[in-house]
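Notes follow once the structure below has been shown.
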Amino acid sequence: MKIGLLALLFPFALAWPTEGDTLKLEPTYKVGSTVRHSVKLSLVVSGTDAEVTSVVRKTVKGVAEQSITFDGAFEKLKVMLGETEFPVEAEPVSLEIRPSGELVSITGGVIQIDMARLYLAHTPVLPKLEVPVGEKWSVEIPASQKAGIPATTFEGTYVGAEKIGEKEAFKITANVQEKGGEGFSSKATFWLDKDGTVLKFEADMRGLPIPQLGSNVDAKMTGSLVS
């Protein structure tokens, strides 16, 4: 019997899984490797549109079995309040994560912006096992008062394969919800390379604390890999 006739008789039996049917990531971290993302944060401050743009650089500083450390910086940082450029400072960033992306500690960054919640909003927590299209996974991120990290639930869903430029990417959506505290939340979409590198992201945040304003704000953040 020819294969074409078999396909007509048993169409589902021959629907073998193809690349992209499951989310399978192989994160790699090498000391000295650097990634940069062009990032834009958009929000409204006292009725005026504001925008923060920067190239965010992360360089792997150390690699251990359960801990990856980075040095980071905000390059070309620019803050616009309406048509006026607003002076702002950024300190060097020290970052520690688990291999899956779970936040352990973060210091430095843009002064007067809550960097821990900003990180939680725009960084996926990767599943430990393969995930089929349409399936979810959930990770509980414990609170750390010392590190300023709120107890948070990350829930991801694998949407499927999608091209970003010439690269085949894994597309996932995520819901990030703080437990109590400031009630911060984020709905995000990520496009990932097979090594877990974020090629592009979009995040819609609610209740981002900005102490300088004395209030929490809603904000949108987008970013894409530049190197």
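The values are calculated or read from the model by the stated rules, or taken from the named source; none is laboratory data. None of the values given here were measured: they were computed from a predicted structure. Don't worry about glycine lacking a Cβ; one is built from the backbone with ideal geometry, like all the others, and counts go over all protein chains shown.
A few comments on the model shown:
- The strands (runs of 3 or more DSSP E) found wholly in the range 1-104 and carrying at least 1 residues that are loosely packed, with under 15 Cβ neighbours inside 10 Å, modelled with pLDDT of 90 or more and of a type in the set (Lys, Arg) occupy 34-45, 68-81.
- For first residues located in the range 22-38 and touching a residue at least 12 places away in the same chain (Cβ under 8 Å) and at positive phi, partners that are surrounded by 12 or more Cβ atoms within 10 Å (Cβ to Cβ) and not hydroxyl-bearing (Ser, Thr, Tyr) and lie 6+ apart or on another chain with Cβ distances below 8 Å form the pairs GLY32/VAL60.
- Selection from the range 176-219 of residues that are among the small types (Gly, Ala, Ser), in contact with a Pro (Cβ under 7 Å, 6 or more places away or on another chain) and closer than 20 Å to SER144 by Cα: GLY181
- Tabulated pairs, the range 164-175, first farther than 19 Å from ALA121 by Cβ, second surrounded by 15 or more Cβ atoms within 10 Å (Cβ to Cβ) and among the basic types (Lys, Arg), C-beta under 7 angstrom, 6+ apart or interchain: ILE164/LYS200
- Matching residues, the range 121-135, being β-branched (Val, Ile, Thr) and more than 16 Å from ASP21 (Cα to Cα): THR123, VAL125
- Taking the criterion of being in contact with a Lys or Arg (Cβ under 7 Å, 6 or more places away or on another chain) and surrounded by 21 or more Cβ atoms within 10 Å (Cβ to Cβ), the residues of the range 151-168 that qualify are THR152, GLY156.
- Put simply, of LYS179, LYS187, LYS220 the only residue that is in contact (Cβ under 8 Å) with a residue 40 or more places away in the chain, over 20 Å from LYS58 (Cβ atoms) and among the basic types (Lys, Arg) is LYS220.
- Flag if TYR158 is touching an Asp or Glu at 6+ places or on another chain (Cβ under 8 Å) and either aromatic (Phe, Trp, Tyr) or under 22 Å from LEU23 (Cα atoms) (or both): yes
- Residues satisfying the stated conditions in the range 105-115, i.e. more than 15 Å from the chain's Cα centre (by Cα) and not in a strand (DSSP E or B): ILE111, GLN112, ILE113, ASP114
- Subset of the range 139-163 [free of Cβ contacts under 8 Å to residues at least 24 places away in the same chain, closer than 19 Å to VAL104 by Cα and within 14 Å of the chain's Cα centre (by Cα)]: GLU155
- Test: residue in the range 131-148 that is closer than 12 Å to ARG117 by Cα, modelled with pLDDT under 95, touching a helix residue (DSSP H, G or I) at 6+ places or on another chain (Cβ under 9 Å) and not in a strand (DSSP E or B): yes
- Test for GLU166: is it at pLDDT 90 or above and of a type outside the set (Lys, Arg): no
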